[in-house]
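Remarks on the structure that follows.
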Amino acid sequence: MDADKAEEIMGFQTFMKHYGCCDPNGPDLSEHLHEFEDWLVDVSFGARSVRLLACPEDKTCENQQPGHCSEVCSSCHIPICRKCQSAIDSEQPRMPAGALSNDMMVFYAPREIHTEQATVMELLCASVCLTSMICFSLECRYGNMLDAAAHMPGQRVAARGNATSFPMPWRNILLHLKVLDAVERGQAAAPLMPRLGPELSDFVQILLKTHGMDSPGKLSEFVHQARVRRRVVVLLILKAKERKQKGYVQLDSDLVRMRAASLPEDGVPPEIVRLLPVDDTLDKIQAQKAATPVDLASDLTTVANRLSTQIPNAVVNELSSSAEADLNDQRTAALHAVTHELQGGIGDGTNEAAPVSRMLHQFEVRTGSELLDQTKPWYFGIAFAFVYKFCTGMPDPPQFADHLRFRRRPEAPRIELGPWMAVQARRVESQLKRDWLCLGCAASGTR
């Protein structure tokens, strides 16, 4: 491969020419060149050097000096997958579908999330599209040490915590995306932001089961991710508008500040807190299993530390109504099948019935002859605006879809949801691993 072909396939200048500014109402990446500092390497082709887009974690160099090395030399080692290698080493080298130069740049998470240590609740308040309902459960079953006489505790003191997410119906999410699309075209009013307590109660629930600590005012000390700071919420929204994030461009900054006055200055919105009597429902949600052990009851401080690092359990629909998901049933059927095969298919004279065939037949039922597209290619950039802060790196719509590809050129390699999801799971950006819902939501969309 010569220098011209390398620039055409993976060159930074070619990328900026094609994807630097695809929409006058969208982000102009030439105004954010500092975002590319860790993603560029210089490769020498004789007397000419070409600057390429590359992942900073991929390249290792035996002679690398301390700090980031932006050059590729003969001592550098770069891993490559089979698909990318077949594309580059072909007789006519072509761009791999998962290459960063194929508008697959995600960039690091917004800086203000880290500098302000934004909580999940603050991100929800600042999000124009919500995909899941999140339920926090904090159970203080046996009261507080301060409620007992000194040196004479009359009961155990213990607490447990849990966070669970329930994905919203895809149909409702699609309708919301259509509204946001109409807003961008000027056919509808911009959504009211930030989200306030009454609206948040439809998406977030904090169930406080306790005998003693009945003061929700202290809740933010234990469920850290439920904390809301008015100043941080406003900052998240205005920064998204400043970088021309899709869904935020049409927002009125003054109206955002005015609505934010209804949020707590630093606390938990009271509308999302529910005080409930103590019961055993949390024991059913967090069943203790050898393969998937859960934390035992402990003091409130320990529970608070666990909740600050855990991601929620996701409750999703089971698409099968057969017994194939029952592990014990699978093992029993396998033993019956082996026994039957060893006996040559002849019964042993006992009353044991012959094993029933476990073969499953799948049928595809359609209501018409045409497939209907139920996705938007920019969905993830809207639903997870603080993961994909420039709404770049989106998947392509299905081949049968009528609408055009989002940002990506017509002649660029296609990367639909399935392959795109596989690429996202291997990305180095930390927000893709740490976000509570992003990868789980993408995985559910491929089923």
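Evaluate the following for SER127: is it over 30 Å from PRO410 (Cβ atoms), of a type in the set (S, T, N, Q), outside the structural domain of VAL428 (by TED's automatic domain parsing) and at pLDDT 85 or above?
yes
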Does any residue of region 49-57 turn out to be touching a Lys or Arg at 6+ places or on another chain (Cβ under 9 Å), charged (D, E, K, R) and either modelled with pLDDT of 90 or more or assigned to a helix (DSSP H, G or I) (or both)?
-> no
Going by the conditions given, is CYS76 over 30 Å from GLU242 (Cα atoms), not aliphatic (A, V, I, L, M) and not assigned by TED's automatic domain parsing to the domain that holds ASP181?
-> yes
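Considering only region 2-50, how many residues are of a type in the set (A, V, I, L, M, F, W, C), free of Cβ contacts under 8 Å to residues at least 12 places away in the same chain and under 27 Å from SER75 (Cα atoms)?
1
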Within region 27-48, track down each residue that is assigned to a loop (DSSP other than H, G, I, E, B) and out of contact with any Cys (no Cβ under 7 Å at 6 or more places or on another chain).
-> PRO27, GLY46, ALA47
All-but-one check, GLY46 against (1) at positive phi; (2) at pLDDT 85 or above; (3) surrounded by fewer than 14 Cβ atoms within 10 Å (Cβ to Cβ); (4) not assigned by TED's automatic domain parsing to the domain that holds MET193, failing number (2)
For region 390-422, which residues satisfy the criterion of being hydrophobic (A, V, I, L, M, F, W, C), in contact with a Pro (Cβ under 9 Å, 6 or more places away or on another chain) and either under 10 Å from ASP103 (Cβ atoms) or in a loop (DSSP other than H, G, I, E, B) (or both)?
-> PHE390, CYS391, MET394, ALA401, LEU404, PHE406, ILE415
Which of the residues belonging to region 393-405 are of a type in the set (A, V, I, L, M, F, W, C) and at pLDDT 85 or above?
-> MET394
Options THR131, THR115; residue that is surrounded by fewer than 21 Cβ atoms within 10 Å (Cβ to Cβ), within 30 Å of PHE203 (Cβ to Cβ) and among the polar types (S, T, N, Q) | THR115
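The values are calculated or read from the model by the stated rules, or taken from the named source; none is laboratory data. The structure presented is a predicted model; accordingly, all values stated were derived computationally and were not measured. No Cβ is skipped: glycine too gets one built from the backbone with ideal geometry, and neighbour counts run over all protein chains shown.
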